[in-house]
Amino acid sequence: MKKFYITTPIYYVNAEPHIGSSYTTIVGDILARYKRMLGYEVFYLTGTDEHGQKIAQAAREKGVEPQVLCDELAQKFKDLWKDLNITNDYFIRTTDENHMRTVQYFVSRMLENGDVYKGTYEGWYCVPCETYWNEDELEHDEHGHNLCPSCKREVQVIKEENYFFRLSKYTEPLLKHFQDNPDFVEPDFRKNEMLKILESGLKDLSITRTTLKWGIPMPKDPEHVIYVWVDALINYISAIGYPDNMDNFNKWWPADVHLIGKEINRFHSLIWPAMLMSVGLPLPKKVFAHGWLTVNGQKISKSLGNAIDPREYVKKYGNDVVRYYLVRDIVFGKDGDFSEENLIKRLNSDLANDYGNLLHRTLAMIVKHFESVIPGISSLEEIDKNLIDEYEKTKEEYISLMDSYKITDALDRLWQFIGYLNKYFDETRPWVLAKEGNKERLGTVLSLVVESTLKVATLVSPVMPDSSKEVYSRLGINNDFSEIYLTGWEHLKGRKILHGEPLFKKFEKVKEEKSMEKEQIKGQAETKAENVVTMGELIDIDYFKKVDLRVAKILEAEKVEKSEKLVKLQIDLGELGRRQIVAGIAQFYKPEELVGRLIIVVANLKPAKLMGIESNGMLLAAKKNDKLKLLTVSDEIEPGAKIS
Ligand code: MSP
């Protein structure tokens, strides 16, 4: 069976998890789910890093024992991953008994191999990063303070008798490994940073501390505790049973990828491989160092108060939307800014408009013309064959991009296909086929669109598992996501579909809700400043064509409670399905006078909420002084008819 072992960094438990730490864990989850969907057996590891000065200090400040702090925070990480629907296969804690034993065993082997010696360390240390720095690496502020080049906080001097790891000995072997394995560290520009360090030569590394108690004791010299980074890196092999359960270890090691943030690349791409070389174990296949998230342009930090809990966003927009946004809008590998405004844009356009609306329109027609049963594909025309070809190309490229960790590009490619599908729908004009009674052709077109949607839902399931599950169940499939749905075009024939609500709800800001209400009541079509046409100005036909005017039949009407003006209407828009709209006509019409009327509606207006009730369109009315009259058609015509 194909296997895939993927890890995240293990997170320090000095502070609560935030959107930044969740970012790596979500991306790891996307990759793990992606491989599972393709039939791989996956081991996805995450956990917490619980030793060291940083944790000891945080516990002291809180007035609790370090272990108490660790237990409390490790639980918070576990809870968050559960809430975010993370599918990690194991959660390692560095205070776990078996991990601590493995660390001691590993360091003993480094000692036996002659790679560890005693010496004195005198130099600089950054507690927040738990990192030793050379004098020439430090930065300085305007007061002449010595600052850590990574986190820009003040470093401290330490002088201790330590054990050292002969890291310098591994400069050449590491250079060779980088040369022989050009994809060992990605992206490329991160690899180059590592090569630069290697080319200037590595210095031996202090791997124990005596001024600290909160750590794993050095074998045979318990006055020393093992440096927290040495302890932490070993988690990647202790979690899979090294050295007690070598069968399991050999099954998973070497890891396929260590997913990390860019600031800890040195530890993963230089120190960890050298440690593994020292004990004679194979190196991980890849280290992928992603960029950093900022929030509204600022670094995420407790002191800035922007360390937001991702749950807030998940509650407001849904898990899938947050996941999609994080990997689609923020280019994976680069730094990026988490912006709620951009998240809403992605939700409204990519998800609600392009993806959700296509499914909604198609399912509405299957309900109406095929009694909710997917008819299946009969003979293929040129346009259908082109669609199938386009899908095959998309699938191949999507898989190749995902396999090379270009998640953003992969999604971009998939959305190009969704755009193609929308165009296919418009060009094949299923509503005309329905009107002409051409059932066979209509069935083929609708079936091709739903079969394609099943494939899209499968491909995107690692990123948006909840909505993909929903698509599966709407299409009558109760199985897990599987690559079997990526080939063949006869998965859905004869299945009963469920129309349901739109897959994604557009999000409109409250400010806009109020102004939308005013505009609707005034009966104006223009909703945006750039669309406003001044009196007397002439418009061209294309401008007018943007407005999708349709005949609709009012099926139900009901006054909105606590509102003098608003009426809630259920309308039939023919092939566009049933909709709810809210209109400001209560002072002019009684609800019972409205039912059965044929009215004119703007069908492609952005949804809005009026007094908390969703409105998906706007009816047209003529208003002068105190009079208001609904626009209607003089003769009987089918709902959904276009007005031009
Ligand atoms: N404990 C070490 C890692 C040991 S791994 C053997 C550590 N922990 S940490 O809590 O500081 O987490 C660092 C990781 O969290 C980063 O490498 C990155 O994966 C993730 N992130 C934390 N903040 C982040 C952002 N603002 N943006 C993106 N990722 C971030 O270092």
>> Quick check on my filter: what residues within segment 240-276 are away from the ligand (no atom under 11 Å from the Cβ) and in contact with a His (Cβ under 8 Å, 6 or more places away or on another chain)?
In response: 273
> Which of the residues that make up segment 17-30 are more than 8 Å from the ligand (Cβ to nearest atom) and touching a Pro at 6+ places or on another chain (Cβ under 6 Å)?
Replying inline: 22, 30
> So which pairs qualify, if the first residue must be in segment 209-238 and under 21 Å from residue 279 (Cα atoms) and free of Cβ contacts under 8 Å to residues at least 60 places away in the same chain, the second must be within 12 Å of the ligand (Cβ to nearest atom) and part of a helix (DSSP H, G or I), the Cβ gap must be under 8 Å, and the two must be at least 6 apart or on different chains?
Replying inline: 233/267; 233/268; 233/271; 233/272; 233/275
>> Restricting to segment 453-495, give me the number of residues that are charged (D, E, K, R), over 20 Å from residue 413 (Cα atoms) and surrounded by 13 or more Cβ atoms within 10 Å (Cβ to Cβ).
In response: 6
>> Can you pull out every residue in segment 582-592 that is in contact (Cβ under 8 Å) with a residue 12 or more places away in the chain and over 45 Å from the mean Cα position of the chain (by Cα)?
In response: 587, 588, 589, 592
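Out of 73, 84, which single residue is closer than 30 Å to residue 339 by Cβ and buried (at least 21 other Cβ atoms within 10 Å of the Cβ)? Walk me through it before giving the result.
Details: 84 fails: buried (at least 21 other Cβ atoms within 10 Å of the Cβ).
Of the residues listed, the single one that is closer than 30 Å to residue 339 by Cβ and buried (at least 21 other Cβ atoms within 10 Å of the Cβ) is 73.
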>> Return the residues of segment 336-371 that are touching a Phe, Trp or Tyr at 6+ places or on another chain (Cβ under 9 Å), charged (D, E, K, R) and under 20 Å from residue 494 (Cα atoms); say none if nothing qualifies.
In response: 361
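Does residue 330 satisfy the criteria of being in contact with a Ser or Thr (Cβ under 9 Å, 6 or more places away or on another chain), of a type in the set (Val, Ile, Thr), within 13 Å of the ligand (Cβ to nearest atom) and more than 30 Å from residue 112 (Cα to Cα)? Steps first, please.
Values: in contact with a Ser or Thr (Cβ under 9 Å, 6 or more places away or on another chain): yes; of a type in the set (Val, Ile, Thr): yes; within 13 Å of the ligand (Cβ to nearest atom): yes; more than 30 Å from residue 112 (Cα to Cα): yes.
Taking the combined requirement at face value, the residue satisfies it.
Identify all residues within segment 319-362 that are small (Gly, Ala, Ser) and surrounded by fewer than 19 Cβ atoms within 10 Å (Cβ to Cβ); write none if there are none.
Residues of segment 319-362 that are small (Gly, Ala, Ser), as a first pass: 333, 336, 339, 349, 352, 356.
Answer for segment 319-362, where residues must be small (Gly, Ala, Ser) and surrounded by fewer than 19 Cβ atoms within 10 Å (Cβ to Cβ): 339, 349.
Condition check ((1) within 15 Å of the ligand (Cβ to nearest atom); (2) in contact with a helix residue (DSSP H, G or I) (Cβ under 7 Å, 6 or more places away or on another chain); (3) under 30 Å from residue 246 (Cβ atoms); (4) modelled with pLDDT of 95 or more) across all residues:
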{"site": "93", "(1), (2), (3), (4)": "yes, yes, yes, yes"}
{"site": "104", "(1), (2), (3), (4)": "no, no, yes, yes"}
{"site": "119", "(1), (2), (3), (4)": "no, no, no, no"}
{"site": "126", "(1), (2), (3), (4)": "yes, no, no, no"}
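Please verify whether segment 31-51 includes one or more residues that are within 12 Å of the ligand (Cβ to nearest atom), modelled with pLDDT of 95 or more and among the β-branched types (Val, Ile, Thr). Show your work before the answer.
We begin by selecting, within segment 31-51, every residue within 12 Å of the ligand (Cβ to nearest atom); these are 45-51.
Now narrow it down to the ones that are modelled with pLDDT of 95 or more: 45-51.
Checking the rest, the ones that are also among the β-branched types (Val, Ile, Thr) come to 46, 48.
So far as segment 31-51 goes, yes, one or more of its residues are within 12 Å of the ligand (Cβ to nearest atom), modelled with pLDDT of 95 or more and among the β-branched types (Val, Ile, Thr).
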>> Filter segment 277-293 down to the residues that are over 19 Å from residue 198 (Cβ atoms), crowded, with 17+ Cβ neighbours inside 10 Å and either within 11 Å of the ligand (Cβ to nearest atom) or aromatic (Phe, Trp, Tyr) (or both) and list them by number.
In response: 290, 291, 293
>> Which of the numbered conditions does residue 14 fail, given that it passes all the others? Conditions: (1) surrounded by 19 or more Cβ atoms within 10 Å (Cβ to Cβ); (2) within 16 Å of the ligand (Cβ to nearest atom); (3) at pLDDT 95 or above.
In response: (3)
>> Looking for something part of a helix (DSSP H, G or I) and touching a strand residue (DSSP E or B) at 6+ places or on another chain (Cβ under 9 Å) - is there at least one such residue anywhere in segment 117-135?
In response: yes
> Which of (1) farther than 20 Å from residue 184 by Cβ; (2) within 13 Å of the ligand (Cβ to nearest atom); (3) not β-branched (Val, Ile, Thr) does residue 229 not meet, given it meets every other one?
Replying inline: (1)
> Here are 389, 412: which of them is free of Cβ contacts under 8 Å to residues at least 24 places away in the same chain and in a helix (DSSP H, G or I)?
Replying inline: 389
> Given 82, 62, which one is away from the ligand (no atom under 16 Å from the Cβ), basic (Lys, Arg) and under 28 Å from the mean Cα position of the chain (by Cα)?
Replying inline: 82
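Restricting to segment 1-11, give me the number of residues that are away from the ligand (no atom under 14 Å from the Cβ) and within 18 Å of residue 96 (Cβ to Cβ). Explain how you work it out, then say what you get.
Step one: filter segment 1-11 for residues away from the ligand (no atom under 14 Å from the Cβ), giving 1-5.
Filter once more, so that each one left must be within 18 Å of residue 96 (Cβ to Cβ): none.
Matching residues across segment 1-11 total 0.
Among the residues of segment 100-111, are any touching a Gly at 6+ places or on another chain (Cβ under 6 Å), crowded, with 20+ Cβ neighbours inside 10 Å and not hydroxyl-bearing (Ser, Thr, Tyr)?
Taking segment 100-111 and keeping what is touching a Gly at 6+ places or on another chain (Cβ under 6 Å), we get none.
For segment 100-111, residues touching a Gly at 6+ places or on another chain (Cβ under 6 Å), crowded, with 20+ Cβ neighbours inside 10 Å and not hydroxyl-bearing (Ser, Thr, Tyr): absent.
Output the number of residues of segment 233-247 satisfying the condition of being surrounded by fewer than 18 Cβ atoms within 10 Å (Cβ to Cβ) and under 23 Å from residue 34 (Cβ atoms). Talk me through it step by step, then tell me what you get.
At the first step, the residues of segment 233-247 found to be surrounded by fewer than 18 Cβ atoms within 10 Å (Cβ to Cβ) are 243-247.
Of the ones still in play, those that are also under 23 Å from residue 34 (Cβ atoms) are none.
Summing the residues that are surrounded by fewer than 18 Cβ atoms within 10 Å (Cβ to Cβ) and under 23 Å from residue 34 (Cβ atoms) in segment 233-247 gives 0.
The values are calculated or read from the model by the stated rules, or taken from the named source; none is laboratory data. No experiment lies behind these values; they were computed from the predicted model shown. Using ideal geometry, Cβ is built from the backbone for each residue, glycine included, and neighbour counts are taken over all protein chains shown.
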